[in-house]
Amino acid sequence: GILRCHPDLAGREALRCQLTTESQKEQRGAGLTSLDSTDKFRIDQLNTEYKEKFGFPFVICARMSDKDEIFQQLKERLLNDPMAELRTGIEEVKKICHLRLHDIFSGSPVTKP
């Protein structure tokens, strides 16, 4: 359920400014808010293909990634079997939660290395 609730990267919610403040910062930091039309079309296409195959949106810790890595991971993870991808998606949610909790309790955000 938590994976199905996750917004698409650079998706409809981002375009409508309906993401949480944290998600907006993370996607902006990964370069997803300044995609050119070719990359926007490509990520929409990959997001759709991913959801059709796995039944939930692609999840990656955007704060620990950049645009190129996200595209690469999307393509590579489309090759996974559903159970492997479910586990990977859950691990990515754990990373996101860990970093956000760190921000709350420490007062300073963790950024990509």
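Every number in this text was worked out from the coordinates using simple rules, so none of it is lab data. Note that the structure is predicted; figures quoted are calculated from it, not measured. Note: ideal-geometry Cβ built from the backbone for every residue, glycine included; neighbour counts use all protein chains shown.
Laid out as a table, the results:
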| read-out | value |
| --- | --- |
| Global form of the range 28-92, assessed from the alpha-carbon gyration tensor, a/c cut-off 1.5 | oblate |
| Model label zone, D36; criterion: amide N under 15 Å from point 7 Å along Cα-to-beta-carbon; scope the range 52-83 | 68 |
| Partner lysines for K95 [C-alpha distance under 24 Å; skip if fewer than 8 residues away on the same chain] | K25, K51, K53, K67, K75, K112 |
